[in-house]
Amino acid sequence: MSEQQVNRALFNDVMVPNYNPQPMVPVRGEGSRLWDQDGTEYVDVTGGIAVNVLGHCHPRLVKALEAQASNLWHLSNVFTNEPALRLAEKLVNATFADRVFFCNSGAEANEAAFKLARKFGFDHYGEEKNEIISFTKSFHGRTLFSVSVGGQPKYRQGFEPVPQGITHAKYNDLEGLKALISDRTCAVVMEPIQGEGGVIPAAPDFVRGVRELCDQHNVLLVFDEVQTGVGRTGKLYAYMDTDVIPDILTSAKALGGGFPVGAMLTTEKVAASFGIGSHGSTYGGNPLACAVANAVIDEVTRPEILEGVAHKRTLFEQGLEEINAKHGIFKEIRGKGLLIGAELIEAWHGKAGEFLAAAREQGVLILVAGPNVLRMAPALNIPDEDIRAAMQALQAAVEKKLSKADQV
Ligand code: PLP
């Protein structure tokens, strides 16, 4: 029996309407190229929203997945398994952490982090130490706890009552945090670069100041590295390029290179507050996910990959600056490594989605970060010629968009 034909129109008939996907349906990917149902080819600089860190169907990841698929898929947390143990050891050896908890997504990694921070506060300082501070514009996921910690109120509107004891300070404003932090605070949560919020890096002084304030008040510092982690900034984790070390770090997205996996990393002392039975996940640490993630870490940590990030960023920057020199549409090009944000000038604010659509029509798939910022989070191994092709297509898209605007 042949499979029934499906298309984009069916989405609206059978899916919950919480997404509005692009009009074409990709069916195949290789490296940083994608093909849709009609055979149209695209350069993909979305990287699956900072997930496909080694591109589509990387041979080493396919091999790891296939080998594990014919050996052992799933056990549950009643047993441990070899891929999970290997992955945990790798992460512990490569970072500040002594202990790892596995889950399936960024939101779940953050859920674990926030619960652990509260439990640690409770265990060491009593039940009053339960307040969590995060930052305006931050994004930490869509579970009720993680969306409440996130600094974008629109995402929790209508879902109230939300968990209590959460406040938001202004990002990159130490005085704002100073005014909120107290001995009742159990955790400060931050993205080293706000991704969804508009690709906004934390200033080095701010990061140092946050760590100092946390230390003064016995507060755990949680780095959400779901978007910045696993090589995106040119280091395995972005904290490695700062002067500070967090107490808890969350990782997901690129960790599985496209296979769902999440992890929370922490110290031995903090981990002790998650005693037996205190938290869990049926799938977390699943052998399939961990086998792929092991291959991701092995590949990403090759010097050629990490060291290539700066060079590839330069090519993107050159391409974007060239477009800007001709058309003056960007106010600022920012971010770090291969997390690239290009904020549109005020005249184009609110129109980032239109540029995304125009780019797709020219054969390049990009992201937005809010209504004003074009975002790119490509594979770290994207070939130089694909970057050039992406920038040429984006330039054509911008030209078309501006000439249409002239005609209006
Ligand atoms: N944290 C950050 C910084 C993110 O960028 C995201 C997703 O965009 C999340 C958490 C949520 O991750 P997930 O969608 O895997 O739950």
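Just so it is clear, none of the values below were taken in a lab; they were calculated from the coordinates. Treat the numbers as computed from the prediction; the structure is a model and nothing was measured. FYI the Cβ positions are ideal-geometry reconstructions off the backbone, even for glycines, and counts take in every protein chain you see.
Extension gain, Gln4 to Ser403, is 139.5 nm, computed as 0.36 nm per intervening residue step minus the present C-alpha separation. About the centre of its Cα atoms, the chain shows a dipole size close to 280 debye [charges on the beta carbon of Lys, Arg (+1) and Asp, Glu (-1) only; nearest 20 debye]. Pairs over the 30 Å Cα-Cα cut-off, from the set Lys129/Lys235; Lys119/Lys154; Lys312/Lys400; Lys115/Lys312; Lys235/Lys400; Lys154/Lys336: Lys129/Lys235; Lys115/Lys312; Lys235/Lys400. As a rough guide to protection, the peptides 5-17, 75-87 ranked by mean Cβ packing within 10 Å, highest first, stand as 75-87, 5-17.
Once the Cβ-Cβ distance of Trp73 and Thr301 is raised to the sixth power relative to R0 = 35 Å, the FRET efficiency obtained is 0.85.
Between Asp384 and Lys326, the simple spin-label model (points 7 angstrom out along Cα→Cβ) gives 2.1 nm. Stokes-Einstein diffusion of segment 134-245 at 25 °C, 0.890 mPa s viscosity, Kirkwood radius from Cα pairs, rounded to a whole number: 171 µm²/s. Evaluated at q = 0.11, 0.12, 0.13, 0.16 Å⁻¹, the base-10 log of the normalised Debye intensity for segment 72-300, with identical point scatterers placed on the Cα atoms, takes the values -0.50, -0.60, -0.71, -1.09.
Taking one quarter of the surface of the convex hull spanned by the alpha-carbon atoms of segment 203-243 gives a direction-averaged projected area of 2.9 nm². Of the residues Val14, Ile181, Gln216, the one whose Cα sits farthest towards the positive end of the charge dipole of the chain is Val14 (charges of +1 on Lys and Arg Cβ, -1 on Asp and Glu Cβ, taken about the Cα centre).
Across all directions, the average flat footprint of the convex hull enclosing the Cα atoms of the chain is 21.7 nm². The eigenvalues of the Cα gyration tensor, multiplied by 5 and square-rooted, give segment 224-370 an equivalent ellipsoid with semi-axes of 35, 17, 16 Å from largest to smallest. The packing ranking of peptides 130-138, 393-401, highest mean first, is 130-138, 393-401, where packing means the average number of other beta carbon atoms within 10 angstrom of each residue. Each peptide among 93-99, 280-286, 367-373 gets the average number of other Cβ atoms lying within 10 Å of its residues, and from highest to lowest they stand as 367-373, 280-286, 93-99.
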